[in-house]
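So the structure is just underneath, and the comments pick up after that.
The values are calculated or read from the model by the stated rules, or taken from the named source; none is laboratory data. The structure presented is a predicted model; accordingly, all values stated were derived computationally and were not measured. Note: ideal-geometry Cβ built from the backbone for every residue, glycine included; neighbour counts use all protein chains shown. These area figures cover heavy atoms from the full protein model, side chains too; ligands, DNA and RNA do not enter into them. Shrake-Rupley method; radii C 1.70, N 1.55, O 1.52, S 1.80 Å.
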Amino acid sequence: AGVDLDAAGSVQDLTGQDPRFTVDAEAEAVLDTMSTYFPDTLGLALRGTIDAALKGTVRLSQLTPQNFYRAGLDGYVRSSEISLSSPSDSIYLVLGAPSVGIASVKNKLDSGIAAGERILALNAGVDSLYAEIGDGMKVKMSGLGIVAQSASKAYTEAYGKERYPVLGQVDISRLSVSGADSLFLGTVGAKGNFKYSYRSKGDKLTPLMTLS
């Protein structure tokens, strides 16, 4: 079916209060093969090869939004190039060297967590992006980088206490958007910070995103 998986794992103290899981896994997916199993009605074609790996340990108590950042995991999903074509939706997309990685690193972003404490962080990037959307719209981008980590807590005057906050930084070397009606937008060397969290009101959680 286009996917190869090699995985091993173990569990320590399974009957205890906080079992410890160990995982060591690698996988490869050939998108060309996988897309042949899609229904013809989707009209979707994928090209490229993805490889992934995950290694490390995690305790049962860490498998929650509040504590997952403490997991001792390292892993990645990456590809040299991925392309997607959907003629019915007038979409064509090519990603050059996309990657997403997680790693246990020393805290640098959140003052609410001790500096140097080991936490789980995400690092994602794309060397290049080219997209054609609809009638004449084109998007070109190069040098996208994203780093993010869970935060200990978040509070704003507008929303009060927020839950499960994630802090991050985004860098874009170059971005341009053009349209058939002479529309053009572009930026060079853009940088910014973001925070993603949830506003808690009773039992209802509402997602929030802030940019700076």
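Some notes on this structure:
- Check on G72, of a type outside the set (S, T, N, Q), over 22 Å from D6 (Cα atoms) and modelled with pLDDT under 95: no
- Matching option when the condition is assigned to a strand (DSSP E or B), under 20 Å from G145 (Cα atoms) and at pLDDT 85 or above, among V100, V105, V58: V100
- The set of residues in the stretch 75-90 that are within 14 Å of I133 (Cβ to Cβ) and assigned to a strand (DSSP E or B) comprises L84, S85, S86.
For every residue, the table says whether it meets (1) over 30 Å from R163 (Cβ atoms); (2) of a type in the set (S, T, Y).
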position	(1), (2)
D4	yes, no
D13	no, no
D40	yes, no
Y69	no, yes
R78	yes, no
I91	yes, no
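- Candidates L73, L42 - the one that is surrounded by 14 or more Cβ atoms within 10 Å (Cβ to Cβ), among the hydrophobic types (A, V, I, L, M, F, W, C) and touching a Ser or Thr at 6+ places or on another chain (Cβ under 9 Å): L73
Yes or no, residue by residue, for (1) open to solvent by less than 50 Å² (accessible area, probe 1.4 Å); (2) under 18 Å from K195 (Cα atoms); (3) modelled with pLDDT under 90; (4) over 20 Å from the mean Cα position of the chain (by Cα):
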| position | (1), (2), (3), (4) |
| --- | --- |
| A115 | no, no, yes, yes |
| L120 | yes, yes, yes, no |
| A124 | yes, yes, no, no |
| E132 | no, no, no, yes |
| S142 | yes, no, no, no |
| S150 | yes, yes, yes, no |
| K153 | no, yes, yes, yes |
| E157 | no, yes, yes, yes |
| S176 | yes, no, no, yes |
